[in-house]
Each structure stands twice: as C-alpha cells, then as structure tokens.
Amino acid sequence: MRIDTTVRDVMHREFLGVSESDPLADAAALLVEEETDCLVVLRGGEAVGRLAARDALAAVLEGDVDDATVGSVMRPPLPTVAPDDGLRAVEERLVAEGVDRVVVAADGEAVGVVTARDSLAAGATREEDTADEPAIDADARNGTRLETTRSGTADAARGSDRARTASSTDAAGSPTQGVCEVCGTLAPELADANGQAICPNCREV
C-alpha cells in the first residue's frame, strides 16, 4: 500500500502558459486549439493570473479583442501547492477555492499543474491499494489469514467510466466528493441530474 503519494508524483510538468502582454485573440485561439478551459498567466516563471475560457469568450462576444491583452481580462492566480505536499493539500485547496486545478510552485516559479481529475484518480488508486491489503484479526495469530472483501469495489467497477471518474466514495459506498460534469470544479458532494453528476451550484441554475 502506498500512502506517501505527493503532488510531485501526479503533477503535469508541461502546462499551457501565456504572458500578460500576449494578445487576447492569440490566447483564445490557444484555448480552442488545445481544447482546454484555462491558461496559466506567467510573469517570467511566476504564476500571476489565469485566463478562463469563459472570460475570453465574453470578450469576444463584446467585440473587444482587437487590442485586448491577456492581462486585461485575466483573473487572480490559481491556488498553489508545493511539489512535496500531499494530495490532501490539493483536495483542500480545490474545494476551498472552488477551482478545478492548482499550480505547483517551487522557489516562486510555476513547475506544474494538478487538476481535480488527477487528484481523484490518484485518490482512487490509493483506496484500491488499501482494499488489496489483507485484513488480519485475532485468527491470524493461529495462522489463519483473512482477506478483505471488495464487493463495494467490484460493484463500482461494473459502473460507468463516467461515475468512476466523476466521484469518489467513502468506506460505506456513499458519495463524498467529485468533479462536477457541468462546471468541472471539485465539489464536496454531487447529485445525479439527467445522467450527469453535478454540484449544488449547477443544480440551482
């Protein structure tokens, strides 16, 4: 069982970044070309903001992109974590800040990105590793070794890929947290609506 998974183990060392002075039209094109919804805005190596696809689209709809730069529409920077932080720190920042990714920073420079899906996938792997560990009770002293049952895990394996990716469960099999399939943020609880796992904010829309 591996319990020492760190941010360094799961982060993407290659990520999409732009500078504040880059033309907004070029950044919008990059968002479309790379099929992503967020770019990290860098000043040198430091993450100083983020450009969300919705902000770029809003500027395009307003017809204000000819002379606009990334810096004119960017939002505050994403939360940061350190490479040696545990994945629990990532999950806490994602939920607390209501974002779908965090920037990994070392010595003041951005060195990677971890998304909510990365965090959930790594968490699911740790849970499976834990389930694989044999449970030993008093009978073990007499040479009898009892293996844990994995009915809950087996049931989950028979579910859809969407459900396994979008949410995680506790020991009782109850939903705990997951990625909203509408807005993409990591939410403390999800509900099924029209076949999608969505967060409370999207349910209210």
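In table form, for the structure just shown:
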| item | result |
| --- | --- |
| Residue that is out of contact with any Ser or Thr (no Cβ under 6 Å at 6 or more places or on another chain), of a type outside the set (Asp, Glu) and touching a residue at least 60 places away in the same chain (Cβ under 8 Å), where the choices are Gly63, Gly71, Gly98, Gly112 | Gly112 |
| Counted residues, the stretch 47-82 - those being closer than 21 Å to Gly108 by Cβ and among the acidic types (Asp, Glu) | 0 |
| Output for the stretch 3-28, where each listed residue is part of a loop (DSSP other than H, G, I, E, B) and either over 17 Å from Pro83 (Cβ atoms) or β-branched (Val, Ile, Thr) (or both) | Ile3, Thr5, Leu16, Glu20, Ser21, Asp22 |
| Members of the stretch 36-48 found to be assigned to a strand (DSSP E or B) and over 21 Å from the mean Cα position of the chain (by Cα), listed by number | Arg43 |
| Top-ranked residue of the stretch 20-48 - restricted to ones that are touching a strand residue (DSSP E or B) at 6+ places or on another chain (Cβ under 9 Å) and among the β-branched types (Val, Ile, Thr), ranked as surrounded by the fewest Cβ atoms within 10 Å (Cβ to Cβ) | Val48 |
| Positions within the stretch 49-103 being in contact with a Lys or Arg (Cβ under 6 Å, 6 or more places away or on another chain), closer than 15 Å to Thr36 by Cβ and assigned to a loop (DSSP other than H, G, I, E, B), in sequence order | Leu78 |
| Boolean, Ala29 is free of Cβ contacts under 8 Å to residues at least 24 places away in the same chain, in the same structural domain as Ala89 (by TED's automatic domain parsing) and either under 18 Å from Glu97 (Cβ atoms) or among the small types (Gly, Ala, Ser) (or both) | yes |
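The values are calculated or read from the model by the stated rules, or taken from the named source; none is laboratory data. Values in this document were obtained by computation on a predicted structure and should not be read as measured data. Every residue, glycine among them, receives a Cβ derived from its backbone with ideal geometry; neighbour counts consider all protein chains shown.
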